[in-house]
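Peer 1: One structure follows; several queries about it will come next.
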Amino acid sequence: MTQNELKQQAALAALDYIPDNGILGIGSGSTVNFFIAALANKKHLIGATVASSVASYTLLKQHHIPVVEFNQVATIDVYIDGADEINPLFQMIKGGGGCLLREKILATAARKFVCIADDSKMVKALGAFPLAIEVLPMAQSYVARELVKLGGLPVLREGFITDNHNIILDVHELSFHEPIALEEKLATIPGVLGSGLFARRPADSLLLATTTGIQIKEHR
Ligand code: 5RP
């Protein structure tokens, strides 16, 4: 099975988690794109979706799936999203697609976070994948210097502007021994709008696609 076939399997498994008449948060990325395509046949079952990116919003609209603004809803019942890395505590590195800020807002607000991934995303320890950080453009140099002080090697994502009109620094070489402490430290740097480290808000369920089938794992 190819990686894309595995992503599609994980996405299909997530259909069992859509909330009856509820609000469904939609992440971003290629795994989520498979989920959106599959959701098109089940859209009558949900109340509405909230999208974490312009790309997901556009795809939802193309499939005539109802989308509302986050400000219009009181809660997100279930949030479904992929990951770049996920560890055994269901903490994640996300943001390969650059949508981490809105993703983190929806994930944190959600009652339940279901992560969908192929098994290449499961790691013992986070950190091989560079950590995306969304930064206010005028603070780029300052934030980069602060990241170097933390042991990181920040690299500007060239030619990329987020949906929120900001830049992304992809940071290599950070230490992830204490993911929650690292996430909190990053959040205190003025100019940092969000990081792709999802440690304070791990996933609740993981649907991991393997060549021998879907593994359903629940956070303990
Ligand atoms: C986008 C993300 C994605 O969830 C992550 O990059 C995984 O993407 P894919 O499903 O394409 O492998 O965080 O910001």
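Peer 1: Cα extents of the range 179-220 along the three principal axes, largest first, in whole Å?
Peer 2: On the principal axes, the range 179-220 reaches 45, 21, 12 Å in Cα extent.
Peer 1: Quick one: compute a quarter of the convex hull surface over the Cα atoms of the range 77-190 and quote it in nm².
Peer 2: 7.2 nm²
Peer 1: Using mean Cβ contacts within 10 Å as the protection proxy, how do 32-44, 173-185 order, highest first?
Peer 2: 32-44, 173-185
Peer 1: What's the local net charge at residue 83, with K and R +1, D and E -1, over the other residues with C-beta under 14 Å away? List each step's numbers first, then the result.
Peer 2: Numbers: positive: 7, 94, 104, 121, 201, 217; negative: 81, 84, 85, 103, 118, 119, 204.
In short, -1.
Peer 1: Around residue 127, with a cut-off of 14 angstrom between Cβ atoms, what is the net charge of the other residues, counting Lys and Arg +1 and Asp and Glu -1?
Peer 2: -3
Peer 1: Can you list the equivalent-ellipsoid semi-axes of the range 101-142, largest first and in whole Å, using the square root of 5 times each Cα gyration tensor eigenvalue?
Peer 2: Details: eigenvalues 126, 69, 11 Å².
Whole-Å semi-axes of the equivalent ellipsoid: 25, 19, 7.
Peer 1: What are the ³J(HN,Hα) couplings of the range 150-166, residue after residue, when phi is run through the Karplus curve with 6.51, -1.76, 1.60 and θ = phi - 60°? Round to Hz, x for glycine and proline.
Peer 2: Calculated HN-Hα couplings, in order: 7, x, x, 10, x, 10, 5, 6, 5, x, 10, 10, 6, 4, 9, 6, 10 Hz.
Peer 1: Relative to the Cα centre, what is the charge dipole magnitude of the range 1-82, using +1 at the beta carbon of each Lys and Arg, -1 at the beta carbon of each Asp and Glu, and rounding to the nearest 20 debye?
Peer 2: 200 debye
Peer 1: Using the 2.2 N^0.38 Å rule of thumb for compact globular proteins, work out how the chain stacks up: its C-alpha Rg over that value, please.
Peer 2: Taking N as the residue count of the chain, the ratio is 0.98.
Peer 1: Given the C-alpha centroids of the range 1-76 and the range 141-220, what is the distance between them in whole angstrom?
Peer 2: Each part's Cα centre sits 23 Å from the other's.
Peer 1: Counting pairwise Cα distances across the range 1-64, what percent come out greater than 20 angstrom?
Peer 2: 19 percent
Peer 1: How much net charge surrounds residue 140 when only the other residues with a Cβ under 15 Å from the Cβ of residue 140 are counted, with Lys and Arg +1 and Asp and Glu -1?
Peer 2: For residues surrounding residue 140, the net value is -2.
Peer 1: Roughly what percent of Cα-Cα pairs across the range 143-204 reach past 17 Å?
Peer 2: 40 percent
Peer 1: Ratio of the range 33-104's C-alpha Rg to 2.2 N^0.38 Å, to two decimals?
Peer 2: In units of the 2.2 N^0.38 Å rule of thumb, it is 1.16.
Peer 1: Name the residues whose placed amide hydrogens come within less than 5 Å of the amide hydrogen of residue 118, ignoring near sequence neighbours (fewer than 5 apart) on the same chain.
Peer 2: Here 209 satisfy the definition.
Peer 1: Provide the packing ranking of 12-19, 199-206, i.e. peptides ordered by the mean count of other C-beta atoms within 10 Å per residue, highest first.
Peer 2: Numbers: 12-19: 17.4, 199-206: 19.8.
In descending order of packing, they fall as 199-206, 12-19.
Peer 1: Calculate the tail of P(r) for the range 78-127: the fraction of all Cα-Cα distances greater than 13 Å, expressed in %.
Peer 2: Values: 681 of 1225 pairs.
Above the 13 Å cut-off, the range 78-127 has 56 percent of its Cα pairs.
Peer 1: While we're looking at this one, here's another question. In what sequence, highest mean first, do 131-140, 210-219 appear when ranked by Cβ atoms within 10 angstrom?
Peer 2: 131-140, 210-219
Peer 1: To check you understand DSSP bridge types, tell me what percent of the beta bridges within the chain (both residues inside) are antiparallel, rounded to 5.
Peer 2: Taking every DSSP beta bridge with both residues in the chain, the antiparallel ones total about 55 percent.
Every read-out reported here was derived from the displayed coordinates using simple, explicitly stated rules and does not represent laboratory data. These numbers come from a predicted model, not from an experiment. A quick note on method: Cβ atoms are made from the backbone with ideal geometry, for glycine too, and the neighbour counts reach across all protein chains shown.
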